[in-house]
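Okay, so here's the structure we're looking at.
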Amino acid sequence: MIRRSSFFLFFFFCFAAENSSSSIPVNVGVILDFDEVGRMWLSCISMSLLDFYAAHGDYKTRLVLHTRDSKDDVVSAAVAAVDLISNVKAEAIIGPTTSKQANFVIELGEKAQVPIISFTASVPSLASIKRPYFFRSRDSDKTQLKAIAAIVKNFGWREVVPIYVDDLYGVGILPYLFDALQAVGASVPYQSAISPWASDVDILKELYKLKTMQTRVFIVHMLPSLGARLFTKAKEAGMMSTGYVWIMTDGVTNLLSLLNDSTIDSMQGVLGVRPCVRKTKELKNFRLRWKRKLHREQPDLVDAELDIYGWLAYDATMALAMAIEEVAGNSTNLVMKEANVSSNLLLETIGVSKNGKKLSEALSSISFKGLTGDFHFVNQQLQSSAIQIVNINGVEPKGIGFWTSERGLFKRWKLNSTTNVYSTSQSKLATIIWPGEPTSNPKGWDIATSGKRLRIGVPVKDGFTEFVKVTRNVKTNITDVTGYCVDVFDAVMDQLPYDVAYDYFPFANSEGESAGTYNDLIHQVYLGEFDVVVGDVTILAKRSIYVDFAMPYTEASISMVVPIKDTKNDNALIFLKPFKLDLWVTTFCSFVAVAFVIWVLEHRINKSFRGPPSQQAGTSLWFAFSTMVFSPQEKVLNNLARIVVIIWSVVVLIITQSYTASLSSLLTVQQLQPSVTDVTELIRNREFVGYHKDSFVKEILIGLGFQDSQLLNYTSIEECQELLSKGSENGGIAAAFEQFPLVKLILARNCSNYASVEARTFMSKFPNQKKIANNIQQFKTRGFGFAFPLGSPLVPDVSRAILKVTESDVMGRIEDKWLSTKSICAGQANSFSSSRLGQHWEELRTSNSMWSRIVDFFRIFNQKDSKWHTFRSEVNKGSTDGPYPHGEQGADSSAVHEGSVELADLSPTEHSTDLSPTEQPHQEVAPFGIDILPTNPKQLMPTATPINHHHTN
């Protein structure tokens, strides 16, 4: 009865318009589902015509609406379209409701050249091919899918599962959803299709299946009738709790007003997207008028709320009225052309509209300000200005932000504001209440359900157990896993913002031995036997095909470990090495040039530079050279010469200091050198080299050019040391190739015997070796890393946690525990103490008082060094021969010992030949045996105390 009354009023308006003497009736079809929502949309269409012709009473056309009920059925919608086109001769059709209905009706419109205007069909594929008679007065689903992808990226979710209705409306968005998610770095591990006729049991069964998976971000794309049941069952399954993320497309979000309170209660925390419509005075006025009209015509819908589709229907109808009026100005015969063929087949009775092409062109050019904003077809499709993001929080959804293709996500609508598309700042959205009302944003996945724990695979090693050591207690059958890599992994897991339960499982056979190579261990992750692999596993490109690695936690380099040799006495002419030949020549020429300049300026006025030519030349050269060690006796008188001397003195100072520093470096730093620095030399001399057993380094060595017969493997540090100590000529190896962490451990056990040369270092010395350089680059590594299954959501979080660990002091403590040289080399450090200055510190520290320490200090300082060659004969043989033939103060030389207090005896015949006996200085003995040195500077003889550099092999 209610429906009939509404239709009566509706057709009353159409009848009055049709009978106007000054108007031309134009038949227009309307295909809708005449349910509660469809009747509300139909009322908006009628109001649009009333408002349009009330404002344009002088227009000569009047639209006559012919409505048909599609009954939520594709066949019914097709039959209705055929009837309207063939029998009613409709010039255009508004509708139908769903995309699956529109898919067939659009084809009929193309055949009859009748424009089809839909304000609800959103599947992008409907407009994927050129269809000049299909107009969509709304944006396609592509836009909202990009907005959803922006939300996914904003929160860093890496995996998303779509839950969609299994029909054209649901399946039609999948290709576009995949593209949008791929653009922001997210993947779809699973798709959940739910039949439109699925029972509650079927829905619950599918939800429990999703619950067993690790992904917790779901995109729901379906109509409210099915969506309401889905969310109700999701809450029953415990999937509306903390950690879950639900995002709805506008299929549900636009029609939230149709859902009851219990359904809304089960959707708390859900996000939704919908086209953004600005609140205007015109829209507010329309809603009030529509409410009054609905109350009069359909009292049973008095509590209904109008959705955006009603506003779109209003604008689409007005656009059609404008286009028909424009076409009528050029034609008065708005009728269908009869079909050319007579047939009993229904589809063949469809004629072709005479005005369809003109009407299509007119619709494409229509532009006006509608209820939803600027109304203008672009490629026969209405462009949405923005997408609004809402959060179900309480009875009504709360707006939390917006999205546009130009600005990306933003919290508040501000005109003339620009931001980057897909902004990664979560502050771009207002506060969100998530399912379960957690205090932090969901991570988007969960490791385990039903108490599942991660299975961590670790290698079983014979050597290098500092990295991973597996110990099994035979009595208790308990396996203990320790080591550097294990401690790093534990520290990383502690840095995650959530708890992860895991257990270590050795990769071993029934006898407790290794079950395979590292590649075999990695493959177990690919097969699903292990969830993670922890150990000294190198990140390689060929391994990344089967697993995803977190970022490395060690340095990435391949080094060559070689024995070191002492080169201190290898060359007797080492004093010439500080300067190159060109510098020596330049320095000599500078001396000659300065000597010549001084001679030119001084020889005419200075007696010191006079005499025979040879004398003048000798004096000038002597003057230039003597400035290096002492002040010359010759004085310069010319001011210009003095300026030259000043400049030359500065130059000489620089030369001498540079020479001293360079020579010191050669005598100290370079006395210990690697025995081999060139890998090409090893290859050319067919030297034996070593590598860790089962290591990928063997492939590198073969790629470099080593023969398989030159390669020896080892399983432990001790075995590596033994091979290096033997040398290649004695059945050992000349060098061992390893990664940095293993090299560090080898050197830690051998503080002074071996040195490392990195691959890039020994390759840089031989740039012409392109083949070797290319092979090094081909096998370039990224260090040690933890291996996860492909697409694991743990990888980005673990990588961030690794950064936190490596940047803190935690990593330093772990390295000190397993790889440090402090404890390993402590015993060797003591053997070098006798060669260092201050070796009597322990003796001074045993003194009881400060005064006694001072006395002991001077006593020790006054002792002679018995190791010096001038005293060695006296101490060892008791001889009186040597520089002091009369012995020390006439005492027996055998009485000399290291702790004695001695007085220096400067013999006039030995050290003061220029002084007469009467000029010999009086030598006093100070208390406590402290020597008083002569006051005459000429009596001071320099005494050199050698610094012994010990090297222990």
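What the table below lists for this structure:
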item	result
By average C-beta atoms within 10 angstrom, highest first, the peptides 186-193, 230-237, 217-224, 308-315	308-315, 217-224, 230-237, 186-193
Which of Thr97, Thr67, Gly57, positive extreme of dipole for the stretch 52-107 (C-beta unit charges)	Gly57
Net charge contributed by nearby residues that have their C-beta within less than 13 Å of Tyr169 (K/R +1, D/E -1)	-4
Rounded to whole Hz, the Karplus (6.51, -1.76, 1.60) HN-Hα couplings of the stretch 164-177, x for glycine and proline	9, 6, 7, 8, 4, 4, x, 5, x, 8, 4, x, 6, 5
Derived scalar couplings ³J(HN,Hα) [the stretch 513-518; Karplus, 6.51 cos²θ - 1.76 cosθ + 1.60; whole Hz; x for Gly, Pro]	9, 4, 8, x, 7, 5
Pairwise FRET efficiency - Thr242 versus Asp83, Cβ, R0 = 56 Å, nearest 0.05	0.55
Ser649, Ser122, ranked by accessible area, largest first (probe 1.4 Å)	Ser649, Ser122
Calculated from backbone phi, Karplus (6.51, -1.76, 1.60) coupling profile of the stretch 457-474 in Hz, x at Gly/Pro	x, 10, x, 9, 10, 8, x, 6, 6, 5, 7, 9, 10, 10, 10, 10, 7, 5
Area accessible to solvent at Tyr498, 1.4 Å probe radius, in Å²	30 Å²
Gain upon complete extension [Arg642, Arg749; 0.36 nm per residue less C-alpha separation]	32.5 nm
Val64 long-range amide H proximity, modeled H, under 5 Å	Val26, Asn27, Val28
Cut-off under 5 Å, modelled amide H: who pairs with Glu159 long-range	Ser187
Virtual spin-label span in nm between Ser544 and Ser658, 7 Å along Cα→Cβ	4.7 nm
In nm, spacing of pseudo-spin labels at Lys475 and Glu699 (7 Å Cα→C-beta vector)	4.5 nm
Label point 7 Å beyond Cα of Ser405 along Cβ direction - residues of the stretch 148-192 with amide nitrogen under 16 Å	148-150, 176-177, 179-181, 183
Efficiency of FRET from Cβ geometry, Tyr498 and Glu305, R₀ 41 Å, rounded to 0.05	0.55
Fully extended contour minus Cα-Cα distance, from Tyr208 to Ser808, at 0.36 nm per residue	211.8 nm
Rounded Å value of the spacing that divides the Cα centres of the stretch 676-720 and the stretch 282-321	83 Å
Linear extension gain, Asp490 paired with Glu282, 0.36 nm per residue minus alpha-carbon span	68.6 nm
The stretch 101-149: trypsin sites (Lys or Arg not before Pro) falling in loop per DSSP and having at most 16 other Cβ within 10 Å	Lys130
Other-chain or far-sequence residues with amide H under 5 Å of Ala92's (modelled H)	Gly29
Accessible area in the full protein assembly, largest first, 1.4 Å probe, for Ile564, Ile129	Ile129, Ile564
Ordering of 25-33, 606-614, 526-534, 355-363 by burial proxy (mean other Cβ atoms within 10 Å per residue, highest first)	25-33, 355-363, 526-534, 606-614
Tyr659, Tyr208, ranked by accessible area, largest first (probe 1.4 Å)	Tyr208, Tyr659
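The values are calculated or read from the model by the stated rules, or taken from the named source; none is laboratory data. Keep in mind it's a predicted model, so treat the numbers as computed, not measured. Ideal geometry is used to build each Cβ from the backbone, glycine not excepted, and the neighbour counts take in all protein chains shown. In case anyone asks, the SASA skips ligands and DNA or RNA and just uses the protein heavy atoms, side chains included. Shrake-Rupley method; radii C 1.70, N 1.55, O 1.52, S 1.80 Å.
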